[in-house]
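A short write-up of the structure that comes next.
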Amino acid sequence: MIRLRTKRRERQDVAASGVLSDLAFLLIVFFIVIAVFNVNSGFLLGLPQKGSVTTVHVDDLMRVEITSDDAYVLNGSRLGVAELSQAVRTRRVTQPNVTMAVTISPDATYQSLVTAVEIARSNDVDNFSFSMAEER
Amino acid sequence: MKLRRPRRKPTVPVNAMSDIAFLLLIFIMLISLINYRQEVPIDYPEAERAEITQVDKNLELWVQKSGDLFHDGKRISLRDAEALIVDAVVADPAVRIHILADRATPYRHVAGVLEVLQTLQHRVVSLVVSESAPQ
């Protein structure tokens, strides 16, 4: 009688192959990324007391208006974001204590306010105030 | 006569690695569940330079383009927001208020929330943005 001897394949241990640890690490990376997404970043603003009055030297005051179509108006002329940033930078050189007072139309978008805050922050303007223009 | 024992080759226990990885996974899952927040669909305003404004205790108020106000995924009124802020400040005076408003929200809706904060004499507010790549 002939006895056939078949060669059996060796079974690989799943855990030993390292597949599970790879999978687990991928999941860890995924959850770390998800956790990082929850961190808020933006601008911190100090709100003045309601009805409080601050005295500012006229020369230090820079009035900017944000219109309902999100245009920035400085001294009667409409400016783009880059132009306004340049104007603030130039003003800050001559008046280091410049106060940027922004009047926002109720219909202007929130993004336009955020951009104005960013312009003030990037040009190191410490005194920044904003208020809503009266509705007509 | 000296007997020489055959030295075992040093090996890294790979099986234990997966156990550690799974423990880490469970830990991070729990942490992310604690940080879990109810997102309201909004288009974040963008800014190139933003600072991290998150602190230990945070209160998030979401404003949609339509002016609807949300907290923890639930629609609330300005009066509810006022009550929420008072409760949060009483529980922890160091709580930080975050305003997450859609970039296209008319300013009047955001001004309403800011007015509530001013009325309550809450001084510091965080305007949350998403960081955009510098142009």
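The values are calculated or read from the model by the stated rules, or taken from the named source; none is laboratory data. Predicted model, so just to flag it, every value in this text is computed and none were measured. Backbone-built Cβ (ideal geometry, glycine too); neighbour counts: all protein chains shown.
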Mind telling me which of the residues B:ASP56, B:ASP72 ends up being touching a residue at least 24 places away in the same chain (Cβ under 8 Å), surrounded by 11 or more Cβ atoms within 10 Å (Cβ to Cβ) and over 25 Å from A:ALA116 (Cα atoms)?
B:ASP72
What's the number of the condition B:LEU120 fails, among (1) among the hydrophobic types (A, V, I, L, M, F, W, C); (2) modelled with pLDDT under 90; (3) under 19 Å from A:VAL114 (Cα atoms)?
(3)
Quick one: would you say B:ARG37 is within 11 Å of chain A (Cβ to nearest Cβ), within 30 Å of A:ILE119 (Cα to Cα) and among the basic types (Lys, Arg)?
no
When region A:40-68 is examined, which residues are found to be small (Gly, Ala, Ser) and either surrounded by 10 or more Cβ atoms within 10 Å (Cβ to Cβ) or farther than 24 Å from A:PRO96 by Cβ (or both)?
A:SER41, A:GLY42, A:GLY51, A:SER68
Filter result (in contact with a Leu (Cβ under 8 Å, 6 or more places away or on another chain), away from chain A (no Cβ under 11 Å) and either assigned to a helix (DSSP H, G or I) or basic (Lys, Arg) (or both)) within region B:81-112
B:ALA81, B:GLU82, B:LEU84, B:ILE85, B:VAL86, B:ALA88, B:VAL89
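Looking at this structure, is A:PRO96 more than 14 Å from every other protein chain (Cβ to nearest Cβ) and surrounded by 11 or more Cβ atoms within 10 Å (Cβ to Cβ)?
On the way: more than 14 Å from every other protein chain (Cβ to nearest Cβ): yes; surrounded by 11 or more Cβ atoms within 10 Å (Cβ to Cβ): yes.
When the stated conditions are applied, A:PRO96 passes them.
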Test set (1) surrounded by 17 or more Cβ atoms within 10 Å (Cβ to Cβ); (2) out of contact with any helix residue (DSSP H, G or I) (no Cβ under 9 Å at 6 or more places or on another chain) - B:ALA94 fails condition number
(1)
List pairs: first in region A:76-95 and more than 16 Å from A:VAL58 (Cα to Cα), second of a type in the set (S, T, N, Q) and assigned to a helix (DSSP H, G or I), Cβ under 8 Å, 6+ apart or cross-chain?
A:VAL81/A:THR115; A:SER85/A:SER122
Out of the residues in region A:102-114 meeting the condition of being of a type outside the set (Ser, Thr, Tyr) and buried (at least 17 other Cβ atoms within 10 Å of the Cβ), tell me which one is farthest from the other protein chains (Cβ to nearest Cβ).
A:VAL102
Here's a check for you: in region B:27-53, which residue that is within 26 Å of B:ASP87 (Cβ to Cβ) and crowded, with 16+ Cβ neighbours inside 10 Å is farthest from the chain's Cα centre (by Cα)?
B:ILE42
